[in-house]
Every structure is written in C-alpha cells, then in structure tokens.
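Scroll down for the structure; my scribbles are underneath it.
The values are calculated or read from the model by the stated rules, or taken from the named source; none is laboratory data. A quick note: this is a predicted structure, and the numbers were derived from the prediction, not measured. All Cβ positions, even for glycine, are placed from backbone atoms using ideal geometry, and neighbour counts span all protein chains on display. Heavy atoms of the whole protein, side chains included, go into the accessibility calculation; ligands, DNA and RNA do not. Shrake-Rupley method; radii C 1.70, N 1.55, O 1.52, S 1.80 Å.
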Amino acid sequence: MSSTVSSWVLNSARNSIATLRGGGRLYSRCVSNRNKSKWRLFTRSPATLKSSSPRGGFALQKAYRHTSTEEDDFHLQLSPAQVNEVLRAGESAHKILDLDSRVPSSVLQFESNQLAANSPVEDRRGVASCLQTSGLMFGIFDGHGGHACAQAVSERLFYYVAVSLMSHQTLERMEGAMESMKPLLPILQWHKHPGHSIYKDVTSVHLDHLRVYWQELLDLHMEMGLSIEEALTYSFQRLDSDISLEIQAPLEDEVTRNLSLQVAFSGATACVVHVDGVHLHVANAGDCRAILGVQEDSGVWSCLPLTRDHNAWNQAELSRLKREHPESEDRTIIMDDRLLGVLMPCRAFGDVQLKWSKELQRSVLARGFDTEALNIYQFTPPNYYTPPYLTAEPEVTYHRLRPQDKFLVLASDGLWDVLDNEAVVRLVVEHLDEAGRHKPDLAQRPTNLGLMQSLLLRRKAKGLHTADHNAATHLIRHAIGNNEYGEMEPERLTAMLTLPEDLARMYRDDITVTVVYFNPDSIDAYYKGG
C-alpha cells in the first residue's frame, strides 16, 4: 500500500487541482540581510556576490543605517524591565485538559515564545489538537525569502495531517457534509499564541484543495486511514505539491494569484511533533530541531536528539543528493556549504526556484506579475541542470515515551545556531530548579580574570532580572545574552535587544521555541497496564 499511496500523493493533485476561491492578503516587503540569510544569490557573474544579499531572491537596496564606526547611534539603552517586556511579548503557556478523563494525556502543558530578528518575523509556530483522533500536534516553521510560505504551511499542514488520520467513515461524513452544504465536522482545536489570530476553521481559499485530498483518501478505501508515519510523510509532500500547483493553475483573482506566487517563491523548513499517548512521532524537513530532556533514575540529565539537520553538514543528506543527480554534478550540488551555493537547508516547502524547470519558471512569471512589487527575483542558480534539487519529504522519527522522558524542546535554527543540545537541556532543567541557577564547576575551567568577571556578571544578572516563568523565554534570553562561558551577561542582552531592525538580522536569527512537559504518571501507568 505504501508505494501506491506514495505515488498517488505526489501525482494525483496535478490532475485534480481546484481553482482557488475567496480572498487573501498580500505580504509586506521584508528587509535584506547579509550574514544570516539562508538564501545567497549570485549576480550575472557567478563568482561575485551581490552587495546586498536578497531575501529569497529579490533585489533590494542596501538597508543598513549603521556601521561599526557609528557607535553614537546606539545611545538608547533598555532598562531591565523593558528587556523583560521585549523578551516576554511573545510568550504563551497552556495546560492540556484531558478530553477523556479515563485516558490522562501524556502531555501536562507546554510553553512557547518567539523573538523576531526579521521585520516582519519569518518564523511561525502552531499547536493543535486533532478532534477526530486523540493526537496533539506541535509545529515550528522557519521561513526564508519572506514569511509567506511559513505562514501558509503553518495554517494548512495540520489539516492535511488530521485528514490523513481520519477513518474512512469520518471522511465519508466530511464529504457528505460538503455535498449537502452542511457544517463540517470540527477538525482541529488550535491553541493560539500572541499575535496569531490567523488560525480559523478551514479557510475558504484552500478548502477546495483539502477536499480533493480527502476525496482521494476515500478512493483508497482504507478503513482506518493512514498510519501516523504515512500521514506525516504524505501530508508534507502533498501540501508542497499543492503549493506548487496552485500558482500553475489559471487563477482569476489577482490577490490570490499574488499570494500564491509569494508562497511558492519563498520557502520554509518545518518540524512537526505528533503525540498520542506514549507514541511520539517527529517529522522534520530542514534545520529546525527537536530534542528530549531525559532524567535517569540516578538523577542525571541527558539529551536525546529526535531529528537530524538537513544541511551540508549532514553526510546522509549529501549522499542522498548525489544519488538523485548525475555524477557530473557531485561538485556543484553543494557549494560553500549551501545547496547549489545558494540555500542552506536541503529540504523545504516552496522554493520553486530549486524545484521547477527553467522553462516552467519563465512561463509562470511571464503571466503579468509585478515581480518587483511582490519581491520575486527571477533567478536561476548556476549549475542548474537536473531539477528538482529540493524536497519537502520529511524524515520521520518514532519514539515511545518513557517515564524518564521529562520534556521536549522544539525550536527553529535561530536557537540551535547559538546553543547546542546539551546546553538547551541544562537551561530548561535550570529553569525548573527552584534554586534558579546551578553553581559553576570551577574544576572544569581555568580560573582566570575572564572567568572571575563572568561570575560577577552572573551575580549582577541574577539581581537585575527576575526569574522567567516560561522556559522558552529562559532559552531565548540565554541564546542572545550568554557570554563565552555560557553565562548571562546583562550588557550583551540589552545591546542585542537594542539593535535597530535593519541591524538585528546581521547578529541573530528569528528564534521560536516550544517546550512540552510530559506527564510521567500517565506514561508510567501505560507501562503498568493502567
């Protein structure tokens, strides 16, 4: 069945794509950046980089107001209270209520936060309960080339997964409601975050495509629906296929056409976690990451990675790319640690510049789009011979939760760029510790003037900042405020948050974090037969 479904999920949409209906909205222009961009584009001469690296392929004027010599521009300093206000603006926390008291949830609660570097922020996050199954989904979506693709994926992907998991009988009820123009069964219950009013019941713009998807699931006549691994794998690929096909279809509404183009020509990596009892599945495409914090019976904490980054440092990814393309391209598939020399992640939604043929790109962009106003850059990388080079197929990992699995951290690469897995677990444990902070292990580091100064800074930081109530905030605070010893430096934290919008992206990325706490009693009861 798997091979049949795999072929179907990628190809059937091309023959049954529905025309988008209803409204949409345009996405505003985002600023360019140099150091942190996931996209790097060449000028007409492949050896020369643009002086202002575009975001996702559209040329913009140099946007920086400051240079390193213009220190008089940084006179504004935030007070400790203002620092906390900035850090906590995106906080959210939810306790999970058991819909069925006979089966206590394995998730106790979750905490989340987001700190922007781009303007507007390109990361998205999502948490939702599947109302027709017992699953709970968490997602982090890291956009590049603008936020259009990340927003679209964050709004739509969970619906594809939820529909994939429905039984044949439930899908029949869904289709019957549509045919008789009655209200649909509720599919998801969204747990909203600050500023995220986008989550609604299925939007009219994309309902047609979701319906085509469940109609084709019905045609497969599977009584119990797809397995969770299949549902995650095929949902990623099907949504990416729909994103690509929607802009190829003739669309009458100009707003919808423009929005579809922006979604297809920007990109997003994604990491989605599905929890159902002790069954934990993680689907990852790109360089977001998920890890478990594990406490052994001895009290020792450790980290269990659940994902692998899909980038040039992943040897398995390099081997996969080389298998999928001619041997003559071995030296050009990855250049300067980037896919075709331009994109850091090797898996992502959207980014049709690395998936479509040159002829298809020219054909679509020739339909009268104002590509400059929409920030669409007509660019084909050098050595572009055998597309597609990029895939949205996720790598799916299964883990059976144990009582010693205490929490999960899911975050965009803005966190992992500056904190390693072990440091993240340590900081969450530190956050949970009533004492607030652990004493430094002086025996493992040289006692010198730099260390002594860092200890003084740490003491000063403890006095200036009240304890965070949210573990995600605690992680973000340390991600941007830690010194070389891994300890909080208040002046650094304040300086990083004081940077103007057009400079912030040079020093850090958008950071989005969700921390999920597990219920050890519920998990333990499962193993004891309760």
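The table below lists the values:
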| quantity | calculated |
| --- | --- |
| Residues satisfying the stated conditions in segment 157-180, i.e. part of a helix (DSSP H, G or I), of a type in the set (A, V, I, L, M, F, W, C) and under 30 Å from the mean Cα position of the chain (by Cα) | Leu157, Phe158, Val161, Ala162, Val163, Leu171, Met174 |
| From Gln378, Gln404, residue being within 17 Å of His144 (Cα to Cα), more than 23 Å from the chain's Cα centre (by Cα) and open to solvent by 20 Å² or more (accessible area, probe 1.4 Å) | Gln378 |
| Neighbours by Cβ (under 7 Å, 6+ apart or cross-chain): first from segment 348-376, under 22 Å from Thr332 (Cβ atoms); second assigned to a strand (DSSP E or B) and open to solvent by less than 10 Å² (accessible area, probe 1.4 Å) | Ala348/Gly267; Ala348/Ala268; Ala348/Thr269; Ala348/Ala285; Asp351/Gly267; Asp351/Leu343; Leu354/Leu339; Leu354/Leu343 |
| Filtered residues of segment 121-133 (kept if in a loop (DSSP other than H, G, I, E, B), modelled with pLDDT of 90 or more and open to solvent by 10 Å² or more (accessible area, probe 1.4 Å)) | Val121 |
| Number of the condition not met by Phe407 [criteria: (1) in contact (Cβ under 8 Å) with a residue 12 or more places away in the chain; (2) in a loop (DSSP other than H, G, I, E, B)] | (2) |
| Residue within segment 282-301 that is among the aromatic types (Phe, Trp, Tyr) and either open to solvent by less than 20 Å² (accessible area, probe 1.4 Å) or out of contact with any helix residue (DSSP H, G or I) (no Cβ under 6 Å at 6 or more places or on another chain) (or both) present | no |
| Matching residues, segment 319-341, being in contact with a helix residue (DSSP H, G or I) (Cβ under 6 Å, 6 or more places away or on another chain) and open to solvent by less than 20 Å² (accessible area, probe 1.4 Å) | Ile333 |
| Residue tally, condition in contact with a helix residue (DSSP H, G or I) (Cβ under 8 Å, 6 or more places away or on another chain) and either surrounded by fewer than 22 Cβ atoms within 10 Å (Cβ to Cβ) or on the phi < 0 side of the Ramachandran plot (or both), over segment 349-363 | 7 |
| Yes/no for Ala316 being open to solvent by less than 10 Å² (accessible area, probe 1.4 Å) and either of a type in the set (Gly, Ala, Ser) or out of contact with any Lys or Arg (no Cβ under 9 Å at 6 or more places or on another chain) (or both) | no |
| Residues that are at pLDDT 90 or above and over 16 Å from Phe518 (Cα atoms), drawn from segment 89-108 | Ala89, Gly90, Glu91, Ser92 |
| Single condition Tyr385 does not satisfy, out of (1) in contact (Cβ under 8 Å) with a residue 40 or more places away in the chain; (2) closer than 24 Å to Gln151 by Cβ; (3) in contact with a Ser or Thr (Cβ under 9 Å, 6 or more places away or on another chain) | (2) |
